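Read the structure below first, then the notes.
The values are calculated or read from the model by the stated rules, or taken from the named source; none is laboratory data. All values derive from a computational prediction rather than experimental measurement. Backbone-built Cβ (ideal geometry, glycine too); neighbour counts: all protein chains shown. Ligands, DNA and RNA are stripped out before the accessible areas are found, and what is left, the full protein with its side chains, is counted by its heavy atoms. Shrake-Rupley method; radii C 1.70, N 1.55, O 1.52, S 1.80 Å.
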Amino acid sequence: MKKIGQHIILILLLLTIPVVSSPDFDGTLSVFKVSPFQREFIRFVLVVIFFYLNLNLFLPKFYSKKKYTALIICLLFCFCIMAFVPNYLTAENRISVQPFPIEMKPPPVHSPGDMPPPPMEGRFSPENSQHRNNVYYGQMIFSSLLPFLFSFLSSLFIFKNIEKKELERSKAKAELLSLKYQLQPHFLFNILNSIYSLALLKSDDAPNGILKLSNVMRYVVQESNKDLVKLSKEMEYIKDYISLQLLRTDSSLDFSYTEIGETKNLQIAPLILVNFIENAFKYGFNAEETSRISVKIIIQEEAIHFNVFNNIVNRNITDEDSLKIGLKNTLEHLQQAYPGKHTLDITNNGSSFEVDLKINLM
(Lines give C-alpha, C1' and ligand atoms only; values in the text may rest on other atoms or scores of the structure.)
Protein backbone atom coordinates (compact mmCIF):
# COMPACT_ATOMS: atom_id res chain seq x y z
CA MET A 1 0.00 0.00 0.00
CA LYS A 2 2.91 2.31 0.79
CA LYS A 3 4.46 1.67 -2.63
CA ILE A 4 1.16 2.44 -4.38
CA GLY A 5 0.99 5.77 -2.59
CA GLN A 6 4.57 6.56 -3.61
CA HIS A 7 3.80 5.78 -7.25
CA ILE A 8 0.68 7.98 -7.20
CA ILE A 9 2.71 10.89 -5.82
CA LEU A 10 5.41 10.28 -8.45
CA ILE A 11 2.83 10.27 -11.28
CA LEU A 12 1.28 13.52 -10.05
CA LEU A 13 4.71 15.13 -9.90
CA LEU A 14 5.50 13.91 -13.42
CA LEU A 15 2.25 15.36 -14.74
CA THR A 16 3.23 18.79 -13.46
CA ILE A 17 6.29 18.81 -15.75
CA PRO A 18 4.46 19.60 -19.04
CA VAL A 19 2.32 22.18 -17.22
CA VAL A 20 5.09 24.27 -15.65
CA SER A 21 7.40 23.88 -18.66
CA SER A 22 4.79 25.08 -21.17
CA PRO A 23 5.43 28.56 -22.63
CA ASP A 24 1.67 29.17 -22.33
CA PHE A 25 1.65 28.59 -18.55
CA ASP A 26 0.73 31.79 -16.70
CA GLY A 27 0.22 30.37 -13.22
CA THR A 28 -3.40 29.47 -13.85
CA LEU A 29 -5.21 26.51 -15.39
CA SER A 30 -6.02 28.47 -18.54
CA VAL A 31 -3.16 26.63 -20.23
CA PHE A 32 -5.48 23.61 -20.51
CA LYS A 33 -7.58 25.60 -23.03
CA VAL A 34 -4.66 25.91 -25.45
CA SER A 35 -4.89 23.26 -28.16
CA PRO A 36 -1.13 22.56 -28.64
CA PHE A 37 -0.74 22.14 -24.88
CA GLN A 38 -3.78 19.85 -24.72
CA ARG A 39 -2.22 17.64 -27.37
CA GLU A 40 1.17 17.42 -25.65
CA PHE A 41 -0.33 16.91 -22.20
CA ILE A 42 -2.50 14.02 -23.43
CA ARG A 43 0.56 12.49 -25.08
CA PHE A 44 2.53 12.85 -21.84
CA VAL A 45 -0.23 11.09 -19.88
CA LEU A 46 -0.20 8.26 -22.41
CA VAL A 47 3.59 7.98 -22.09
CA VAL A 48 3.26 7.54 -18.31
CA ILE A 49 0.46 4.97 -18.73
CA PHE A 50 2.53 3.06 -21.28
CA PHE A 51 5.54 3.06 -18.94
CA TYR A 52 3.59 1.29 -16.20
CA LEU A 53 1.84 -1.05 -18.63
CA ASN A 54 5.14 -2.08 -20.15
CA LEU A 55 6.87 -2.47 -16.78
CA ASN A 56 4.12 -4.43 -15.04
CA LEU A 57 2.36 -6.26 -17.89
CA PHE A 58 4.07 -6.48 -21.27
CA LEU A 59 7.63 -7.19 -20.11
CA PRO A 60 6.75 -9.80 -17.42
CA LYS A 61 4.12 -11.51 -19.55
CA PHE A 62 5.77 -11.46 -22.99
CA TYR A 63 9.42 -10.39 -22.78
CA SER A 64 10.35 -12.72 -19.88
CA LYS A 65 8.60 -15.64 -21.58
CA LYS A 66 10.19 -14.80 -24.97
CA LYS A 67 6.83 -14.14 -26.64
CA TYR A 68 8.32 -11.43 -28.81
CA THR A 69 5.58 -11.37 -31.46
CA ALA A 70 2.90 -10.62 -28.90
CA LEU A 71 5.17 -7.99 -27.34
CA ILE A 72 5.75 -6.24 -30.68
CA ILE A 73 2.00 -6.20 -31.42
CA CYS A 74 1.30 -4.63 -28.03
CA LEU A 75 4.05 -2.07 -28.51
CA LEU A 76 2.82 -1.08 -31.97
CA PHE A 77 -0.74 -0.76 -30.70
CA CYS A 78 0.39 1.48 -27.83
CA PHE A 79 2.53 3.57 -30.17
CA CYS A 80 -0.38 4.16 -32.54
CA ILE A 81 -2.55 5.30 -29.64
CA MET A 82 0.23 7.59 -28.41
CA ALA A 83 0.82 9.05 -31.89
CA PHE A 84 -2.73 9.62 -33.16
CA VAL A 85 -5.14 9.85 -30.21
CA PRO A 86 -3.81 13.18 -28.80
CA ASN A 87 -4.30 14.86 -32.19
CA TYR A 88 -7.91 13.74 -32.48
CA LEU A 89 -8.85 14.66 -28.92
CA THR A 90 -7.68 18.27 -29.02
CA ALA A 91 -10.04 21.14 -29.80
CA GLU A 92 -8.47 22.19 -33.10
CA ASN A 93 -9.04 18.77 -34.60
CA ARG A 94 -12.66 18.40 -33.65
CA ILE A 95 -15.22 19.00 -36.44
CA SER A 96 -17.05 22.22 -35.79
CA VAL A 97 -20.44 23.09 -37.23
CA GLN A 98 -21.05 26.62 -38.46
CA PRO A 99 -24.11 28.12 -36.73
CA PHE A 100 -24.86 30.25 -39.80
CA PRO A 101 -24.35 29.59 -43.50
CA ILE A 102 -21.13 30.91 -44.96
CA GLU A 103 -21.67 34.05 -46.95
CA MET A 104 -20.92 33.51 -50.63
CA LYS A 105 -19.24 36.46 -52.25
CA PRO A 106 -19.10 36.97 -56.01
CA PRO A 107 -15.65 36.75 -57.58
CA PRO A 108 -13.89 40.14 -57.94
CA VAL A 109 -14.10 41.90 -61.26
CA HIS A 110 -10.75 42.52 -62.93
CA SER A 111 -9.96 45.14 -65.48
CA PRO A 112 -8.50 44.01 -68.80
CA GLY A 113 -4.96 45.05 -67.77
CA ASP A 114 -4.90 43.19 -64.45
CA MET A 115 -3.05 39.94 -63.92
CA PRO A 116 -5.61 37.14 -63.50
CA PRO A 117 -5.46 35.25 -60.17
CA PRO A 118 -3.94 31.79 -60.13
CA PRO A 119 -6.39 28.99 -60.70
CA MET A 120 -7.95 27.72 -57.42
CA GLU A 121 -8.29 24.10 -58.41
CA GLY A 122 -4.49 23.49 -58.28
CA ARG A 123 -4.26 24.35 -54.60
CA PHE A 124 -6.84 21.78 -53.61
CA SER A 125 -5.82 19.06 -56.00
CA PRO A 126 -5.78 15.47 -54.64
CA GLU A 127 -1.98 15.43 -54.91
CA ASN A 128 -1.53 18.47 -52.66
CA SER A 129 -4.07 17.19 -50.14
CA GLN A 130 -2.30 13.84 -49.98
CA HIS A 131 1.04 15.59 -49.47
CA ARG A 132 -0.35 17.67 -46.61
CA ASN A 133 -1.80 14.57 -44.99
CA ASN A 134 1.51 12.77 -45.29
CA VAL A 135 3.34 15.67 -43.63
CA TYR A 136 0.69 15.88 -40.90
CA TYR A 137 0.84 12.18 -40.06
CA GLY A 138 4.62 12.20 -40.27
CA GLN A 139 4.76 14.98 -37.69
CA MET A 140 2.43 13.04 -35.40
CA ILE A 141 4.57 9.91 -35.64
CA PHE A 142 7.88 11.72 -35.17
CA SER A 143 6.66 13.77 -32.19
CA SER A 144 5.60 10.54 -30.45
CA LEU A 145 8.60 8.39 -31.36
CA LEU A 146 11.15 9.83 -28.92
CA PRO A 147 8.81 9.83 -25.86
CA PHE A 148 7.74 6.28 -26.74
CA LEU A 149 11.33 5.03 -27.05
CA PHE A 150 12.33 6.76 -23.82
CA SER A 151 9.39 5.23 -21.95
CA PHE A 152 10.08 1.77 -23.37
CA LEU A 153 13.84 1.78 -22.72
CA SER A 154 13.54 3.21 -19.21
CA SER A 155 10.90 0.64 -18.24
CA LEU A 156 13.05 -2.14 -19.77
CA PHE A 157 16.08 -0.93 -17.79
CA ILE A 158 14.10 -0.92 -14.52
CA PHE A 159 12.60 -4.32 -15.31
CA LYS A 160 16.07 -5.79 -15.92
CA ASN A 161 17.27 -4.42 -12.58
CA ILE A 162 14.24 -5.87 -10.78
CA GLU A 163 14.88 -9.26 -12.41
CA LYS A 164 18.53 -9.13 -11.35
CA LYS A 165 17.65 -8.31 -7.74
CA GLU A 166 15.00 -11.04 -7.65
CA LEU A 167 17.57 -13.52 -8.95
CA GLU A 168 20.06 -12.44 -6.29
CA ARG A 169 17.41 -12.74 -3.58
CA SER A 170 16.42 -16.21 -4.80
CA LYS A 171 20.04 -17.30 -4.85
CA ALA A 172 20.65 -15.94 -1.35
CA LYS A 173 17.51 -17.64 -0.07
CA ALA A 174 18.58 -20.95 -1.60
CA GLU A 175 22.04 -20.66 -0.03
CA LEU A 176 20.51 -19.78 3.34
CA LEU A 177 18.17 -22.76 3.13
CA SER A 178 21.11 -24.99 2.33
CA LEU A 179 22.95 -23.70 5.40
CA LYS A 180 19.92 -24.39 7.57
CA TYR A 181 19.71 -27.96 6.33
CA GLN A 182 23.37 -28.40 7.24
CA LEU A 183 22.84 -26.88 10.70
CA GLN A 184 19.80 -28.98 11.64
CA PRO A 185 21.42 -32.45 11.72
CA HIS A 186 24.57 -30.97 13.26
CA PHE A 187 22.68 -29.72 16.33
CA LEU A 188 20.46 -32.78 16.60
CA PHE A 189 23.38 -35.21 16.55
CA ASN A 190 25.16 -33.32 19.32
CA ILE A 191 22.05 -33.18 21.48
CA LEU A 192 21.41 -36.91 21.03
CA ASN A 193 24.99 -37.57 22.12
CA SER A 194 24.31 -35.61 25.30
CA ILE A 195 21.19 -37.68 26.09
CA TYR A 196 23.09 -40.88 25.28
CA SER A 197 25.77 -39.91 27.81
CA LEU A 198 23.10 -39.37 30.48
CA ALA A 199 21.51 -42.74 29.72
CA LEU A 200 24.87 -44.48 30.09
CA LEU A 201 25.35 -42.83 33.47
CA LYS A 202 21.77 -43.80 34.45
CA SER A 203 21.29 -40.24 35.61
CA ASP A 204 18.07 -39.13 37.30
CA ASP A 205 18.22 -36.11 35.04
CA ALA A 206 17.67 -38.26 31.94
CA PRO A 207 13.82 -37.89 31.92
CA ASN A 208 14.09 -34.11 32.20
CA GLY A 209 16.74 -34.20 29.53
CA ILE A 210 14.47 -36.13 27.19
CA LEU A 211 11.74 -33.52 27.76
CA LYS A 212 14.16 -30.73 26.95
CA LEU A 213 15.33 -32.68 23.92
CA SER A 214 11.76 -33.01 22.64
CA ASN A 215 11.32 -29.23 22.97
CA VAL A 216 14.57 -28.60 21.14
CA MET A 217 13.81 -31.09 18.37
CA ARG A 218 10.30 -29.69 17.91
CA TYR A 219 11.75 -26.21 17.54
CA VAL A 220 14.43 -27.33 15.08
CA VAL A 221 11.93 -29.25 12.94
CA GLN A 222 9.09 -26.71 12.98
CA GLU A 223 10.84 -23.35 13.13
CA SER A 224 14.29 -23.66 11.61
CA ASN A 225 13.06 -23.56 8.00
CA LYS A 226 11.49 -20.14 8.52
CA ASP A 227 13.29 -16.96 7.57
CA LEU A 228 12.44 -15.34 10.90
CA VAL A 229 11.03 -16.52 14.21
CA LYS A 230 9.93 -14.67 17.33
CA LEU A 231 12.90 -13.72 19.45
CA SER A 232 11.07 -15.02 22.51
CA LYS A 233 10.91 -18.51 20.93
CA GLU A 234 14.58 -18.43 20.05
CA MET A 235 15.43 -17.46 23.64
CA GLU A 236 13.39 -20.37 24.99
CA TYR A 237 15.19 -22.69 22.61
CA ILE A 238 18.57 -21.40 23.75
CA LYS A 239 17.65 -21.92 27.42
CA ASP A 240 16.47 -25.46 26.72
CA TYR A 241 19.68 -26.16 24.84
CA ILE A 242 21.80 -24.80 27.72
CA SER A 243 19.81 -26.97 30.15
CA LEU A 244 20.67 -30.02 28.05
CA GLN A 245 24.36 -29.12 28.06
CA LEU A 246 24.38 -28.50 31.81
CA LEU A 247 23.04 -32.02 32.40
CA ARG A 248 26.42 -33.46 31.51
CA THR A 249 28.50 -31.01 33.58
CA ASP A 250 29.41 -30.97 37.28
CA SER A 251 30.43 -28.52 39.98
CA SER A 252 33.76 -27.86 38.32
CA LEU A 253 31.95 -25.58 35.87
CA ASP A 254 31.30 -21.98 36.80
CA PHE A 255 28.39 -21.13 34.52
CA SER A 256 26.39 -17.91 34.34
CA TYR A 257 23.50 -16.89 32.13
CA THR A 258 22.28 -13.28 31.95
CA GLU A 259 19.31 -12.00 29.99
CA ILE A 260 18.46 -8.30 30.01
CA GLY A 261 15.65 -6.58 28.15
CA GLU A 262 12.31 -7.52 26.64
CA THR A 263 11.86 -9.48 23.45
CA LYS A 264 8.60 -7.63 22.62
CA ASN A 265 7.60 -8.44 19.02
CA LEU A 266 11.15 -8.70 17.71
CA GLN A 267 12.12 -11.46 15.31
CA ILE A 268 15.42 -13.17 14.55
CA ALA A 269 16.80 -15.73 12.12
CA PRO A 270 16.55 -19.16 13.82
CA LEU A 271 19.59 -21.13 15.05
CA ILE A 272 21.91 -18.20 14.52
CA LEU A 273 23.25 -17.94 18.09
CA VAL A 274 23.31 -21.46 19.46
CA ASN A 275 26.45 -22.64 17.67
CA PHE A 276 28.57 -20.21 19.68
CA ILE A 277 27.10 -21.65 22.90
CA GLU A 278 27.76 -25.19 21.69
CA ASN A 279 31.42 -24.34 21.02
CA ALA A 280 31.71 -22.79 24.48
CA PHE A 281 30.57 -26.01 26.14
CA LYS A 282 32.76 -28.16 23.91
CA TYR A 283 35.97 -26.23 24.56
CA GLY A 284 35.10 -24.65 27.90
CA PHE A 285 34.22 -27.66 30.07
CA ASN A 286 36.60 -30.22 31.47
CA ALA A 287 35.70 -32.17 34.64
CA GLU A 288 39.39 -32.29 35.60
CA GLU A 289 39.85 -28.53 35.58
CA THR A 290 38.00 -25.48 36.83
CA SER A 291 35.97 -24.20 33.93
CA ARG A 292 34.11 -20.98 33.31
CA ILE A 293 31.40 -20.25 30.75
CA SER A 294 29.21 -17.16 30.62
CA VAL A 295 26.37 -16.30 28.25
CA LYS A 296 24.97 -12.77 28.23
CA ILE A 297 22.09 -11.54 26.07
CA ILE A 298 21.09 -7.88 26.13
CA ILE A 299 18.08 -6.64 24.14
CA GLN A 300 17.99 -2.91 23.53
CA GLU A 301 15.14 -1.49 21.46
CA GLU A 302 15.58 -3.15 18.05
CA ALA A 303 19.01 -4.71 18.59
CA ILE A 304 20.44 -7.71 20.40
CA HIS A 305 23.87 -7.90 22.02
CA PHE A 306 25.08 -11.47 22.44
CA ASN A 307 28.27 -12.35 24.33
CA VAL A 308 29.72 -15.78 25.08
CA PHE A 309 32.93 -16.35 27.05
CA ASN A 310 34.71 -19.57 27.96
CA ASN A 311 38.09 -20.75 29.22
CA ILE A 312 39.78 -23.17 26.84
CA VAL A 313 40.19 -26.24 29.03
CA ASN A 314 39.31 -29.02 26.63
CA ARG A 315 41.63 -29.49 23.68
CA ASN A 316 40.87 -33.12 22.96
CA ILE A 317 37.83 -32.58 20.75
CA THR A 318 36.90 -35.70 18.81
CA ASP A 319 34.45 -33.93 16.48
CA GLU A 320 36.46 -30.77 15.90
CA ASP A 321 35.83 -30.86 12.16
CA SER A 322 32.09 -30.93 12.81
CA LEU A 323 32.40 -27.93 15.13
CA LYS A 324 34.37 -26.00 12.53
CA ILE A 325 31.73 -26.75 9.90
CA GLY A 326 29.02 -25.59 12.30
CA LEU A 327 30.86 -22.35 13.02
CA LYS A 328 31.56 -21.74 9.33
CA ASN A 329 27.89 -22.26 8.48
CA THR A 330 26.82 -19.93 11.29
CA LEU A 331 29.11 -17.17 10.01
CA GLU A 332 27.72 -17.59 6.49
CA HIS A 333 24.20 -17.65 7.92
CA LEU A 334 24.87 -14.33 9.66
CA GLN A 335 26.20 -12.79 6.46
CA GLN A 336 23.19 -13.97 4.48
CA ALA A 337 20.55 -13.02 7.04
CA TYR A 338 22.01 -9.72 8.28
CA PRO A 339 24.33 -8.20 5.66
CA GLY A 340 25.54 -4.86 6.95
CA LYS A 341 23.37 -5.19 10.05
CA HIS A 342 25.70 -7.04 12.41
CA THR A 343 29.14 -6.79 13.96
CA LEU A 344 31.04 -9.85 15.15
CA ASP A 345 34.22 -9.83 17.25
CA ILE A 346 35.92 -13.14 18.09
CA THR A 347 38.84 -13.10 20.55
CA ASN A 348 41.04 -16.17 21.03
CA ASN A 349 44.17 -15.68 23.14
CA GLY A 350 44.94 -19.37 23.57
CA SER A 351 43.55 -19.63 27.11
CA SER A 352 40.10 -18.14 26.58
CA PHE A 353 37.61 -17.64 23.77
CA GLU A 354 35.07 -14.83 23.53
CA VAL A 355 32.37 -14.04 20.98
CA ASP A 356 30.76 -10.61 20.93
CA LEU A 357 27.91 -10.25 18.44
CA LYS A 358 25.58 -7.32 17.84
CA ILE A 359 22.64 -7.60 15.44
CA ASN A 360 20.19 -4.94 14.32
CA LEU A 361 16.98 -6.96 14.07
CA MET A 362 14.98 -4.39 12.08
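Within region 64-91, being over 20 Å from Leu145 (Cβ atoms) and modelled with pLDDT under 90 holds for Ser64, Lys65, Lys66, Ala91. If you take the residues in region 8-32 that are in contact (Cβ under 8 Å) with a residue 12 or more places away in the chain and assigned to a helix (DSSP H, G or I), which one is nearest to Ile162 (Cα to Cα)? Filtering region 8-32 for residues that are in contact (Cβ under 8 Å) with a residue 12 or more places away in the chain and assigned to a helix (DSSP H, G or I), the one nearest to Ile162 (Cα to Cα) comes out as Ile11. Residues in region 228-240: is at least one modelled with pLDDT under 85 and under 29 Å from Glu302 (Cα atoms)? For region 228-240, residues modelled with pLDDT under 85 and under 29 Å from Glu302 (Cα atoms): absent.
Give Asn307, Asn286, Asn265 a once-over and let me know the one that is farther than 17 Å from Met362 by Cα and at pLDDT below 95. Lay out the reasoning, then the answer.
Numbers: Asn307 fails: at pLDDT below 95; Asn265 fails: farther than 17 Å from Met362 by Cα.
Exactly one residue qualifies, and that residue is Asn286.
In the set (1) open to solvent by less than 60 Å² (accessible area, probe 1.4 Å); (2) in a helix (DSSP H, G or I); (3) in contact (Cβ under 8 Å) with a residue 12 or more places away in the chain, Leu53 fails one condition alone, (1). Looking across Ser251, Ser243, one residue alone is more than 16 Å from Asn307 (Cα to Cα), at pLDDT below 90 and in a helix (DSSP H, G or I). It is Ser243. For region 162-171, the criterion of a residue being modelled with pLDDT of 85 or more and surrounded by 12 or more Cβ atoms within 10 Å (Cβ to Cβ) is satisfied by at least one position.
One line per residue, one yes/no per condition, for (1) surrounded by fewer than 16 Cβ atoms within 10 Å (Cβ to Cβ); (2) within 42 Å of the chain's Cα centre (by Cα); (3) in contact (Cβ under 8 Å) with a residue 12 or more places away in the chain; (4) part of a strand (DSSP E or B):
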| position | (1), (2), (3), (4) |
| --- | --- |
| Val216 | no, yes, yes, no |
| Gln222 | yes, yes, no, no |
| Asn225 | yes, yes, yes, no |
| Glu259 | yes, yes, yes, yes |
| Ile272 | no, yes, yes, no |
